[in-house]
1. Could you state, as a whole-number percent, how many of the C-alpha pairs of the stretch 259-411 are farther apart than 25 Å?
2. Using alpha carbons only, how many angstrom separate the centre of the stretch 403-440 from the centre of the stretch 445-497?
3. Placing +1 at every Lys and Arg Cβ and -1 at every Asp and Glu Cβ, with all other atoms neutral, what dipole size does the chain have around its Cα centre, in debye to the nearest 20?
4. Full extension from Ala135 to Ala33: what is 0.36 nm times the residue separation minus their Cα-Cα distance, to one decimal in nm?
5. With runs of 4+ DSSP H residues as the only contributors, calculate the mean residue ellipticity of the chain at 222 nm using -39,500 (n - 2.57) per run, divided by the residue total and rounded to the nearest 500.
6. What is the mean projected area of the alpha carbon convex hull for the chain, to one decimal in square nanometres?
7. How large is the convex hull of the Cα atoms of the stretch 1-159 per residue, expressed in Å³ as a whole number?
8. Assign unit charges at the C-beta atoms only (+1 for Lys and Arg, -1 for Asp and Glu), then state the dipole size of the stretch 397-496 relative to its Cα centre in Debye, rounded to the nearest 20.
Amino acid sequence: MTDLPIVARALTHGDAVAVRGPTRDHTHADLLARSAVLAARLCGSRPDLDGERVGILVHPDAGFVAALWGVWRAGGIAVPLSLHATADELGHVLADAGITRVVADADLAASRAEPLAACGAALVDPRPAAAHPTALPAVARDRPALMLYTSGTTARPKGVVTTHRCIAAQIESLVAAWRWTAADRIPLFLPLHHIHGLINVVSCALWAGASFTPLNRFDPAPVIEAVAADRFTLFMAVPTIYVRLLEALDALDPEARLRAAEGFGRLRLVVSGSAALPAGVFARFAAATGQWILERYGMTEIGMALSNPYDGQRRPGHVGLPLPGVEVRLWSEAHGGSPPPGEPGEIQVRGATVFSGYWSQPEATAASFVDGWFRTGDVAVIEEGSYRILGRSSVDIIKSGGYKLSALEIEAALLDHPAIAECAVVGLPDDTWGEMVAAAVVLRPGATLTLDALRGWGRDRLSPYKLPRRLMAVATLPRNAMGKVTKPAVRALFAAA
């Protein structure tokens, strides 16, 4: 019997449907069988991968789950890779994690041949093959299991390492708080190299014996039709998707709009996260569907930490209280402890859901903790017993469309443009994206630059969601006495314009 929590759970669900596909469904037993074959193939003649980092470049379907579980059952650390990363972004992850093997779908491997070849990664076919009896290693729960890359305050993303025990704690907390059952059905259109899609949707569904339906991308029309037809019981998305849903609902004729609204109203739970949900969007969705969206708060390093209640009032602009098994406190440097009631402080978290550390960055890991509490860098205030997020303590993190973006990483890319001498990137409030990426630039003498030209140039260098949506040319960037660009002043320039 395996000690891996997610596999042990799957064994209890057997022939229940886990992944619903366009041509066939896949049971938990199917996923266990496929993952065992892949684990044996990965181990080869080795008894245990012993923490080898294995990349996963697989479409978000049953094959992805089999690959994830296969890496875990072989004793490896799974590193899900972005399907939309540029060659430079993918190359950084491959090199930083020391990945030498990637489980990859053929079409995805072909489209990313250059960075895969540059790091010398061997490709492993995730498709089912004939099973060969192999004794898989015993993998302890405290061993590292997963590495997700997230942008921090530095110019390059860091690898966040979590153990099997930590992942199980994150899942159990959400399953209890949001009352997952085996009867649940949920759509998946969120990326699986992020915790939102991987843990909150896929892993919680499989843990509970429920099912998810993979969608290649978010397209409002078929999603609305599926909800109206009662194919789902839960819905989880980022604020940008709720904005698009409202736009799509408004475009329907009255009869179709009523049918769709009633479908959303029958969902037992609708969740938003990864960025702040504008109060106006909350109100419009409630008015259109009768659903009060449950907003929660979390991040890659800690899983989910705060959530509005399943039962009871869900307050717009607030993220509720600590989830089961999670300890949260506000900390004020000015007060040397908890701030007085109603005053802001940094959100700090500890407990079994908190990550092990940043890959190969012991100094960054140490700096992120104080007395065992993880410093999130987010500032909040408690109002009437509910946390309200005020923003980042670091101005160099932009939350846009469900992603956390590093302004420093974007600035480094933009400085390669031949027309740009200096630049500063900030996030501007936006109802659709949460925050939009805006760039203030000092142009080289005689140079001109438009937003369309900059976005076109940047498509080969940055993921689409990292490209600026606002551009302003300035004579000089505002700086302090130390010569450092003052980001609040840059934001003020855009506000004045």
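No lab work stands behind these numbers, since they all come straight from the coordinates. All values derive from a computational prediction rather than experimental measurement. Don't worry about glycine lacking a Cβ; one is built from the backbone with ideal geometry, like all the others, and counts go over all protein chains shown.
1. For the stretch 259-411, the share of Cα pairs beyond 25 Å comes to 34 percent.
2. 6
3. On the way: 47 positive and 48 negative charges, 15 e Å.
Charge dipole of the chain: 80 debye, to the nearest 20.
4. Full extension from Ala135 to Ala33 adds 35.4 nm.
5. Values: 16 runs with 157 residues, N = 497.
Computed mean residue ellipticity for the chain: -9000 deg cm²/dmol.
6. Computing the convex hull of the Cα atoms and averaging its projections yields 24.7 nm².
7. So the per-residue hull volume is 126 Å³.
8. In debye, rounded to 20, the stretch 397-496 gives about 140.
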